[in-house]
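Have a look at the structure below, then the notes.
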């Protein structure tokens with residue numbers, strides 16, 4: 001009989017970090033001769049809340065490092081329905097695919113808050129890896145972390161029920177949950193706003209309503 005999990009397998013840890021995914025990335029770059037000059041020369045991009053950074057179907061030719069703000073990745077169906085895939089706050093990289101290989105983006109990337117991004121074009125990335133071979137380990141580590149997080153996300157969708165998925169979400173996004181609207185969280189979990197409200201009530205996260213005394 002196959003094993004049935006009521007939680008993700010123990011080897012699918014949520015404590016996934018990478019060399020390039022840190023708010024003090026510039027401190028790391030300062031240890032690699034020549035890296036800081038390249039980093040400081042990269043374009044900075046300011047986006048407003050609700051502004052698209054990358055559109056679904058657009059050829060992905062760059063990635064972004066979130067210096068300040070919060071962005072989301074989401075799938076947009078033909079009938080206009082959205083399904084959130086992930087959220088990215090300060091110290092996160094966001095993009096599509098496996099840089100530096102260009103391919104059409106499978107999802108939208110959009111700012112939730114006004115955000116400041118560092119833009120790294122694939123051509124600049126290729127030049128950086130050519131001129132600074134030591135950065136290859138940082139890139140490989142970042143891609144490995146991204147793939148590991150996606151594996152955990154897929155396991156959640158397949159193995160966990162809605163309350164368990166919400167607990168897993170709160171563990172992974174505990175630092176930014178308070179910055180997200182409930183409908184964004186419900187979309188990520190694949191449930192309705194009403195279902196999420198019921199789960200939160202059962203977990204004691206919603207204050208019970210008090211009846212008003214008749215006038």
* To do: Go through 143, 129, 117 for me and flag whichever is within 30 Å of residue 44 (Cα to Cα), part of a helix (DSSP H, G or I) and touching a residue at least 40 places away in the same chain (Cβ under 8 Å).
  => 143
* Structure fact -> Picking from 166, 107, 173, 122, the residue that is under 28 Å from residue 46 (Cα atoms) and not assigned by TED's automatic domain parsing to the domain that holds residue 29 would be 173
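Conditions tested, residue by residue: (1) modelled with pLDDT of 95 or more; (2) under 15 Å from residue 83 (Cα atoms); (3) buried (at least 17 other Cβ atoms within 10 Å of the Cβ).
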| position | (1), (2), (3) |
| --- | --- |
| 160 | no, no, yes |
| 168 | no, no, yes |
| 171 | no, no, no |
| 175 | no, no, no |
| 181 | yes, yes, no |
| 186 | yes, yes, yes |
| 191 | yes, yes, yes |
| 194 | yes, no, no |
| 199 | yes, no, yes |
* State whether one or more residues within the range 84-92 are in contact with a strand residue (DSSP E or B) (Cβ under 6 Å, 6 or more places away or on another chain), in the same structural domain as residue 49 (by TED's automatic domain parsing) and over 26 Å from residue 203 (Cβ atoms). => yes
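Okay, residues lined up against (1) assigned to a strand (DSSP E or B); (2) more than 18 Å from residue 154 (Cα to Cα); (3) touching a helix residue (DSSP H, G or I) at 6+ places or on another chain (Cβ under 8 Å):
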| residue | (1), (2), (3) |
| --- | --- |
| 56 | no, yes, no |
| 64 | yes, yes, no |
| 67 | yes, yes, no |
| 75 | yes, no, no |
| 83 | yes, no, yes |
| 86 | yes, no, yes |
| 96 | no, no, no |
* Asked: Do you know which residues across the range 80-105 are more than 10 Å from the chain's Cα centre (by Cα) and either closer than 22 Å to residue 129 by Cα or touching a residue at least 60 places away in the same chain (Cβ under 8 Å) (or both)?
  -> 82, 83, 90, 91, 96, 97, 98, 99, 100, 101, 102, 103
* To do: Could you grab me the full set of residues in the range 166-203 that are touching a residue at least 40 places away in the same chain (Cβ under 8 Å), in a loop (DSSP other than H, G, I, E, B) and within 14 Å of the chain's Cα centre (by Cα)?
  => 173, 175, 176, 180
* To do: Check the range 59-79 and report whether any residue there is over 21 Å from the mean Cα position of the chain (by Cα), closer than 23 Å to residue 192 by Cα and at pLDDT 85 or above.
  => yes
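The values are calculated or read from the model by the stated rules, or taken from the named source; none is laboratory data. Quick caveat: nothing in here was measured; it's all calculated off a predicted structure. For neighbour counting, all protein chains shown are included, and Cβ atoms are generated from backbone atoms with ideal geometry for every residue, glycine included.
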